[in-house]
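Below is one structure, written out as structure tokens; the observations come after it.
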Amino acid sequence: FMVVLSGRLFGPLLGFIYSMISVFTSASLAYFISRYLGKDFVEKLLRGKIQQLDEKAETHGFKIVLVMRLSSVFPFDVFNYALGLTKVKYKDFILGTIIGIIPETFSLTFMGSSLHSPKSGKFFIAVAMLLLTMGVPLIYKKLKKKKEEKK
């Protein structure tokens, strides 16, 4: 909602920039809170979902973060806290986050900037971009699953 609002208030370019700065700041803050306040604090918030992430986090951290950010299925804040407790390096975390949220953030700010005329071509392009952003990871997942089944 806030990303759409930033597009409406500041336009697609500034809204995108402000949203990216906000996402970077909030993701980093959550990551470091969980990293330094410790496992007990965040484990209560997340109820045992950390161990699954931690198993492959050290060697595949960037890839895990990127794929999960592109999918936009995982709750953003919960994921930030969870990753702070894993062996994912901050560099992998923040690069995967920033790269992974670019398509959705751009689509949402573009949509927000076109809300004043929801029957315009600009608005329909924004909706199409958002659907594409959400659909590509799902298609990738299905193709990957088919490929693994053939092996």
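The values are calculated or read from the model by the stated rules, or taken from the named source; none is laboratory data. Bear in mind that the values here come from a model prediction, so they are computed numbers and not experimental data. So basically every Cβ, Gly included, is an ideal-geometry build from the backbone, and we count neighbours across all protein chains shown. Accessible surface is based on the protein model in full, side chains and every heavy atom, while ligands, DNA and RNA are left aside. Shrake-Rupley method; radii C 1.70, N 1.55, O 1.52, S 1.80 Å.
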| task | Output the residues belonging to segment 98-149 that are outside any helix (DSSP H, G or I) and either touching a Ser or Thr at 6+ places or on another chain (Cβ under 6 Å) or not hydrophobic (A, V, I, L, M, F, W, C) (or both). | result | SER114, HIS116, SER117, PRO118, LYS119, SER120
| query | Among the listed residues LEU83, LEU95, which satisfies the condition of being open to solvent by 70 Å² or more (accessible area, probe 1.4 Å), assigned to a helix (DSSP H, G or I) and among the aliphatic types (A, V, I, L, M)? | reply | LEU95
| remark: Scanning segment 98-131 for residues that are within 17 Å of LEU66 (Cβ to Cβ) and surrounded by fewer than 17 Cβ atoms within 10 Å (Cβ to Cβ) gives ILE99, ILE102
| Residues in segment 36-48: is at least one surrounded by 16 or more Cβ atoms within 10 Å (Cβ to Cβ), out of contact with any Cys (no Cβ under 7 Å at 6 or more places or on another chain) and either modelled with pLDDT of 85 or more or not in a helix (DSSP H, G or I) (or both)? | no
| note | Filtering segment 100-151 down to residues that are closer than 17 Å to PHE76 by Cα and of a type in the set (D, E, K, R) yields GLU104
| task | May I ask you to verify whether VAL88 is in a helix (DSSP H, G or I), on the phi < 0 side of the Ramachandran plot and surrounded by 14 or more Cβ atoms within 10 Å (Cβ to Cβ)? | result | no
| field | Any chance VAL65 is outside any helix (DSSP H, G or I) and crowded, with 20+ Cβ neighbours inside 10 Å | value | no
